[in-house]
Amino acid sequence: MKKRSLLIIFLTVFIDLVGFGIIIPLSPYLARQFGADAVDVGLLMAIYSFMQLIFAPMWGRLSDRFGRRPIILMSLLGAGLSHLLFAFAGQLTLLFVARGLAGLFGANISTAMAYIADVTDQKSRSKGMGLIGAAFGLGFVLGPALGSYFGDLGLRLGEAPPFGHSFAAVIAAVICLGNFLGALLFLPESLSVEIRMRLPRRQSRWKLLSQFIHRPVTGKLMIMFLLSTLAMANMEASLFLLVKDDFGWTLAQAGMGFAYVGLIMVFTQGFLVRRLMPKYGERSILFTGLFIGALGFIGIGLAPSIPVMAIAVTLLGIGNGLNHPAATGSISLLSGQEEQGLVMGVNQSLAALGRILGPAFGGWLYRDLGHEFPFLLAGLLNVGAILLGLTVFAKLPSAGKEGQKESIGTEASGIGGFQLMNIIKNEVPFLLLQTVETLQIPESMNELLKGRVEKVDEEIHKFVAEKTADSSFPIVLLCEDGQVSSMKGAELVQRGYINVYYVEGGLISLKNFDPRD
């Protein structure tokens, strides 16, 4: 069932992104027919992301409440209708309206990521996210190629909509509407009613955003994802203008060039990630991807010829293909099952913010400072993401790494007072967690435990993930009699932590224990 669900969601996202991929290279060419300059082109691409910023958390929360399937179906239908409006737009204003509506309904990526989280375990989570990336890449392989072909075919059929370049948008609409019918027939629901009932009460969008950003580890991962997305968006619109203005490429050539980048991403996320993740884990792959991507961005900006450009965009495709599934997989791993749609919606909102600012700022840099500046800035943004990630490096997950959980059982291990004392006195790094509301520390242990015990709330896996997402980091649980700690420890073991201990007998067993003995 899991493999079937993964295949269906992969095909759903792939087909949808074929339609999306047709529109992306078409937008700059069609906009310039209505007198748009580089900044206008950037704003046209930004309006889609602006609407995603506003609506993605809402769609994510609705998918947590009502299930993934209805939200995905609604987004596919909305995308098809917005592409149809784009095809028949006879002026620049209507192009903006059409792209805005597409952004409003552009909830399927974050919801699809939540769908992946529903049907995968921790070890395969990031590889599952790589499937979304592979679908994304394949969509950009086939989409731009179809866009260039049908755009040229439309010009041969006539110049007025729905012909001319607009004909490609008609094909995109047909693809998305056909995808809607396919998902309606074959896409199963992934989120059980029981999990939906555990959804916390509704909070305001900005409180939610602030809540996630202020999580010590998850927040930094989200900002890293924002920076890398901002870098990519800053580059995208400018790249089409660069190959058109500096190398004289046609729409067909630009579409095929963009398809090549998609092909590299497909190879990376569909092949490399699935083989490298078990060997190196999310943490290593994330930083490697950001570094390779930075080299690609800078290489594009400084490329004096098409062969050098080809090397640079290859590096960019590999880097982006590595860091995106590692980042989204890590964010998912640090979040509870009942908030997967919400957290992915918030993360996609931040990414949308990057896609709002990126194209407009990149267009301004391209027009006023020089053609190479958007790409150099993109490289620096990736470097900034690397530096931010280093501040929480030890706490980032590597759940996909083989051997990380081989010793996992179903229960935590019990330790006594003497073992606890040795851990503390030898300054072994570990988390000592209080698993009940109140805890009266015995006087004999007060000095030893002073300042070491941290009170944990009911969502213990979230608390631990924010402290250290490294599943091998030692965790010791303490309660009054050991029973609650034993149960909480078993919960952590089931979630993939391999060094979980609890004090047998709890504080009752420590009352007569003298650490000086």
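The values are calculated or read from the model by the stated rules, or taken from the named source; none is laboratory data. These numbers come from a predicted model, not from an experiment. Cβ sites come from the backbone with ideal geometry, for glycine too, and all protein chains shown count toward neighbours.
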**Prompt:** Asn320 fails exactly one of the following numbered conditions: (1) in contact (Cβ under 8 Å) with a residue 40 or more places away in the chain; (2) more than 21 Å from Gly128 (Cα to Cα). What is the number of that condition?
**Reply:** (2)
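The rows are residues; the columns are (1) surrounded by fewer than 17 Cβ atoms within 10 Å (Cβ to Cβ); (2) assigned by TED's automatic domain parsing to the domain that holds Met309; (3) more than 14 Å from Gly317 (Cβ to Cβ).
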residue: Glu236; (1), (2), (3): no, yes, no
residue: Leu239; (1), (2), (3): no, yes, no
residue: Lys244; (1), (2), (3): no, yes, yes
residue: Gly248; (1), (2), (3): yes, yes, yes
residue: Gln253; (1), (2), (3): yes, yes, yes
residue: Gly257; (1), (2), (3): no, yes, no
residue: Val273; (1), (2), (3): no, yes, no
residue: Leu276; (1), (2), (3): no, yes, yes
residue: Glu282; (1), (2), (3): no, yes, yes
**Prompt:** Can you spot a residue in segment 495-503 that is more than 24 Å from Ser335 (Cβ to Cβ), more than 37 Å from the chain's Cα centre (by Cα) and either outside the structural domain of Gly417 (by TED's automatic domain parsing) or modelled with pLDDT of 75 or more (or both)?
**Reply:** yes
**Item:** From the options Ile311, Ile300, residue that is within 22 Å of Gly384 (Cα to Cα), of a type in the set (Val, Ile, Thr) and part of a helix (DSSP H, G or I)
**Value:** Ile300
**Request:** Examine segment 103-121 for a residue that is assigned to a helix (DSSP H, G or I), more than 28 Å from Leu322 (Cβ to Cβ) and modelled with pLDDT of 75 or more, and state whether such a residue exists.
**Result:** yes
**Request:** Only one of these is outside any helix (DSSP H, G or I) and either under 28 Å from Phe150 (Cβ atoms) or touching a Pro at 6+ places or on another chain (Cβ under 6 Å) (or both): Gly80, Gly35, Gly100. Name it.
**Result:** Gly35
